[in-house]
Amino acid sequence: MRIPWRRLAWVLAAVIPLAVIGGLIWGATRDLSRYQARLTEQIRKVTGRELAAKVPLAVKLGRYPAMVAEGVTLTNAAWGSRPELARVRKLTLFLDPVALLLGEIKIGRLVLEGADILVERNDIGDSNLDMLPPPDGSGPHPGENRSLRLRTNAAFPWIGVIELKDSVLTIAEGAGRPPVVLEVATATLKSSAPNQPLQVEGRFSAPQASPLTLTGTAGSFDGWMRGLPGNIDVQGALGEGKISIKGGVGVKGTNIQIVSEGPDVSVFGSYIHLPVPRGGPYALNAKAGTQRNGFKVEVTTLKVGSSELSGDALFRADRKGTPTITINADVSRLDVSELRAPAAPPSVAGSPTPAQPRIVPTMPFAASWLGRSAVSVTVRLGEVVGLGSKMQNGSVTLASNDTRFSFRAAATIGGGSAGFDLVYDPTGRIGQATLTASVNRVSLGELASVLGFDLGLRDAVGDIDLRLRGGGRTTRDALNSASGSIDIAVTKGLWPREPLANWPAETQRLLGVTDTGVPFNCIAGRFDVSGGVASLRRLVVDTPRSTMVGGGYVHLRTEGWEFILASEARDAQNAALASPLRLKGGSGRPTVGALEPNLAKLIIGAGVVPSLVSQVNQAARQTGVNPCAAVAPRVEGLRPGLRAQMPVPAVDLRQRAGRPAASAPQPSPRRTP
């Protein structure tokens with residue numbers, strides 16, 4: 001029998017379009033409320049969670065027929081921080097045309113737009129992704145006419161392709177840890193079954209961070225839901241660089257290796273929540289894995305320009321369940337000149353002007369987390385260049401536990417050395433902080449670069465001995481009640497012109513101020529600190545044209561200060577310009593200077609007046625001795641009336657903010673007889 005192929009082709013060409021049109025009309029005219037109820041009930045049986053939508057399902061006809069719902073929410077665990085685990089602005093379920101022709105609604109692709117997904121854990125380690133069916137999951141049901149059978153577990157039909165657009169994924173690992181926020185611009189997840197490899201292709205980023213583009217295999221869907229994704233092998237781009245992540249997360253543990261390279265290492269800052277400086281090119285080789293008692297991250301090599309370091313971090317819990325972090329880093333070479341401060345976030349229009357930066361910032365000691373975790377950090381610095389003078393043999397250690405917090409740093413800088421030691425004891429109502437610092441023959445310019453503020457004495461070399469102790473939970477409170485001493489001795493250098501701009505004209509002529517500033521031979525003084533006020537009783541400043549002695553105070557909390565200086569000219573030509581001077585200023589405030597000639601009679605007693613210049617010249621003959629430091633202890637004998645004229649705070653600045661000041665008693669009204 002001869003088959004009429006041509007006639008059959010014409011029949012099929014006419015029937016198929018009619019069938020497709022009929023299927024679309026059939027799907028569009030169906031009542032989807034019952035299907036939506038079935039879908040909601042199926043999800044409840046599988047996960048134990050409730051699915052709801054503000055706008056019900058509706059069919060959208062087009063090239064690819066789809067069902068659309070808006071304002072979709074999935075409830076969170078009962079202990080969750082918010083009611084919804086997921087909020088979806090728009091959900092689109094693309095229908096399978098072949099199944100639609102057969103009268104069945106089957107989802108071929110799912111698109112989530114504007115999804116806000118929160119993944120979190122509680123204090124005992126439970127995840128809100130752990131979903132269980134409701135308690136009525138099995139047992140005989142006579143109404144189903146199979147009373148002798150066990151009820152089978154409900155299963156949600158698998159969707160092979162899931163797309164995300166303009167979504168946000170937040171992962172919160174518990175109190176005390178900052179949440180990880182991942183913005184998903186676009187992503188596609190493909191898999192033939194929940195337990196099969198999951199193909200991932202997407203563009204991700206942390207807030208205000210460089211985009212991360214990844215492509216490859218990332219475990220399985222069931223694995224991610226159970227917290228054990230499986231094998232991971234993805235590659236892509238991080239900013240303008242490359243990144244590769246390989247390994248696996250399974251029952252036997254975690255073993256992941258990360259290899260990355262690029263032009264700027266600061267791209268990692270937003271992802272690891274640390275202020276990573278800008279610099280490059282960089283090459284990173286790191287790995288992470290679980291051990292018997294913890295989780296270890298090891299940086300095999302990290303090269304940024306000519307700098308190179310390696311290190312590791314171990315995260316574990318001790319026998320008492322206290323989280324313990326141990327970090328070790330070995331920096332063989334660090335070139336500071338190749339590194340720059342991380343880019344500041346863009347300012348918002350109309351935002352207030354930032355406050356004037358303080359020399360001593362107000363920052364908490366974070367005593368609240370003492371005892372909640374134990375931290376130990378050790379950093380070794382072989383060589384640090386780019387600061388002018390080479391820094392060698394540096395070390396930084398930080399230790400924190402339930403009884404104390406300590407931070408120590410030491411290094412050889414140029415031909416001198418510097419050390420820093422901060423210890424905080426949280427016992428008692430407010431705790432006690434002890435600060436000790438020692439600087440021996442170190443350039444003040446290099447020291448200013450390390451500490452982050454500049455006094456302008458970049459060419460001078462100084463010796464500093466600092467010992468302070470105070471109580472409080474913040475630096476402001478500790479300094480407001482601090483007691484101790486500060487000894488300073490500075491050798492030859494140049495004082496910049498800017499701080500001298502508001503000094504009296506006579507004093508500027510006496511000092512010989514030029515466009516570059518004022519040279520000085522030496523500076524020395526001692527601060528006696530009590531109750532947060534540093535009183536300077538013996539100050540000596542020697543310049544090529546005059547010698548000055550004086551004193552005053554510096555308030556460590558407000559950073560306000562006031563000094564008086566009694567000068568003596570080195571030659572008779574400028575003797576008329578030597579007059580006592582009073583200076584006032586502070587952090588963020590201009591310096592104000594004024595001559596007070598009447599103080600001369602109060603500072604200098606009757607009889608023979610010892611020469612300051614001759615005393616300094618005599619001390620300068622001693623080898624290896626700072627002449628100002630040698631003369632400073634004898635200032636009260638050289639100018640006996642100086643101590644009585646020292647300025648002191650006009651009011652009790654040690655009064656803490658928020659404490660009501662004592663008010664004078666009001667006179668009672670007089671009664672009339």
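Based on the alpha-carbon gyration tensor of region 382-504 and its eigenvalue square roots a ≥ b ≥ c, which shape applies: rounded if a/c is under 1.5, prolate if not and a/b is larger than b/c, or oblate?
oblate
Can you spot the aspartates and glutamates whose alpha carbon is less than 17 Å from LYS165's alpha carbon? Ignore those fewer than 8 places along the same chain.
GLU70, GLU113, ASP116, GLU183, GLU201
Which pairs break 32 Å Cα to Cα here: LYS246/LYS320; LYS45/LYS242; LYS54/LYS190? Write down the numbers at each step before the final one.
Numbers: LYS246/LYS320 34 Å; LYS45/LYS242 44 Å; LYS54/LYS190 28 Å.
Too far apart for the 32 Å limit: LYS246/LYS320; LYS45/LYS242.
In nanometres, what is the gap between the two model label sites at GLN618 and GLU201, each 7 Å from Cα along Cα-to-Cβ?
In this crude spin-label approximation the distance works out to 9.0 nm.
Compute the separation of the alpha-carbon centres of region 502-530 and region 430-449 and state it in Å as a whole number.
23 Å
Going by Cα centres, region 313-332 and region 218-289 are how many Å apart?
Taking the Cα centre of each part, region 313-332 and region 218-289 sit 20 Å apart.
Mind ranking 522-535, 288-301 by how tightly packed they are, going by the mean number of other C-beta atoms within 10 angstrom, highest first?
The densest-packed peptide leads the list: 522-535, 288-301.
Since every read-out is calculated from the coordinates, none of them should be taken as a lab result. Fair warning: this is a prediction, and the values are worked out from it, not measured in the lab. Virtual Cβ from ideal backbone geometry, glycine too; neighbours counted across all protein chains shown.
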